Every structure is written in structure tokens, then in C-alpha cells.
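A short write-up of the structure that comes next.
The values are calculated or read from the model by the stated rules, or taken from the named source; none is laboratory data. These numbers come from a predicted model, not from an experiment. Heads up, the Cβs are rebuilt from the backbone with ideal geometry, glycines too, and the neighbour counts pull from every protein chain shown.
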Amino acid sequence: MEPINKFCPRSGKPVKPDSLTEYRGYTVGFCNPGCSSDFAKNSQASPNDTQYFDVLIKENFGK
């Protein structure tokens, strides 16, 4: 799985392969597994993350 983002929305650090999850049907990444599992459990509790991913999805996929 290749994530749509290269940098973690929380830290700005590069995304790590062991820290991927799904959002709106796309693979998204974080800099550590703790953040990715936290986001996967309840993405709506992370509005900054969802906004970051929504912008990337709109810019790259027009959705």
C-alpha cells in the first residue's frame, strides 16, 4: 500500500511503512503506529488529520 501523503499530519515527519491505515478508501500514513491506530479507531476525533487528508484527496483525486 502506498499512502497518499509523504509526511505525518501530526508531526510533519516522514510516513513510516508500519504506520498506515485507511481513510475514505485511501491509504494514509503517520510517523508511528500509535498515531495511525489512534486515527483508525476514530478519525472523526481528529479533525486536523481528516482536514489534511481531505485536502490531499481533493487536490490529487478531485473528490
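Details
- Pairs with Cβ under 8 Å, 6+ apart, first in the range 2-31 and among the basic types (Lys, Arg) and at pLDDT 95 or above, second surrounded by 13 or more Cβ atoms within 10 Å (Cβ to Cβ) and part of a loop (DSSP other than H, G, I, E, B): LYS6/VAL15; ARG10/PHE30; ARG10/CYS31; LYS13/CYS31; LYS16/PHE30; LYS16/CYS31; LYS16/ASN32
- Of the criteria (1) out of contact with any strand residue (DSSP E or B) (no Cβ under 8 Å at 6 or more places or on another chain); (2) part of a strand (DSSP E or B); (3) of a type in the set (A, V, I, L, M, F, W, C), which one CYS35 fails: (2)
- Screening THR27 on (1) under 20 Å from PHE61 (Cα atoms); (2) hydroxyl-bearing (Ser, Thr, Tyr); (3) surrounded by 17 or more Cβ atoms within 10 Å (Cβ to Cβ) shows it passes everything except condition (3).
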